[in-house]
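Step one of this worksheet: look at the structure below.
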Amino acid sequence: QVQVVESGGGLVQPGGSLSASCAASGTTFSFAIMAWYRQAPGKQREFVAGASDSGHTTYADSVKGRFTISRDGSKNAVRLQMNSLKPEDTALYFCNAAGFPGSYWGQGTQVTVSS
């Protein structure tokens, strides 16, 4: 079955940088979209960034210019580079792989921005 596994994240001071990686396994198909979402305590899960298998990327307004999502062609793996981090970026970051044969979520990786 399909598995989505995230790694990276961690604790950093405001203004610092972190990266997170995600890989989906268990299928020979390329997911149409691989994306990052985040959920802070007491808040709803929100979209952060996404990358299509054709190379198109999209970002939430709150992270534009600070976060970069990268995907190696149609491979089922993405990396999220997070720069100029702010305390409000603190959240559990989830990776989502969507397309055929379905939509799959990872368990999440914690990003904490605090002095």
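The values are calculated or read from the model by the stated rules, or taken from the named source; none is laboratory data. These numbers were taken from a predicted model, which means no experiment stands behind them. All Cβ positions, glycine included, derive from the backbone under ideal geometry; neighbour counts span all protein chains shown. All accessible areas refer to the heavy atoms of the entire protein, side chains included, with ligands and DNA or RNA removed. Shrake-Rupley method; radii C 1.70, N 1.55, O 1.52, S 1.80 Å.
Observations
- For region 57-97, the candidate set comprises residues that are touching a residue at least 24 places away in the same chain (Cβ under 8 Å) and β-branched (Val, Ile, Thr); within that set, the residue that is most open to solvent (accessible area, probe 1.4 Å) is Thr90.
- Scanning region 35-56 for residues that are open to solvent by less than 70 Å² (accessible area, probe 1.4 Å) and either of a type outside the set (Lys, Arg) or out of contact with any Leu (no Cβ under 7 Å at 6 or more places or on another chain) (or both) yields Ala35, Trp36, Tyr37, Gln39, Ala40, Val48, Ala49, Gly50, Ala51, Ser52, Asp53, Gly55.
- Within region 9-22, the set of residues being under 11 Å from the mean Cα position of the chain (by Cα) and open to solvent by 50 Å² or more (accessible area, probe 1.4 Å) is empty.
- Selection count where residues are within 25 Å of Ser115 (Cα to Cα), in contact (Cβ under 8 Å) with a residue 24 or more places away in the chain and among the charged types (D, E, K, R), scope region 44-56: 1
- Scanning region 104-115 for residues that are open to solvent by 70 Å² or more (accessible area, probe 1.4 Å) and more than 13 Å from the chain's Cα centre (by Cα) returns a single hit, Ser115.
- Enumeration of residues in region 43-70 that are among the small types (Gly, Ala, Ser) and modelled with pLDDT of 95 or more: Ala49, Gly50, Ala51, Ser52, Ala60, Ser62, Gly65, Ser70
- Reported count of residues in region 23-34, each being open to solvent by 70 Å² or more (accessible area, probe 1.4 Å) and under 16 Å from Ser103 (Cβ atoms), is 2.
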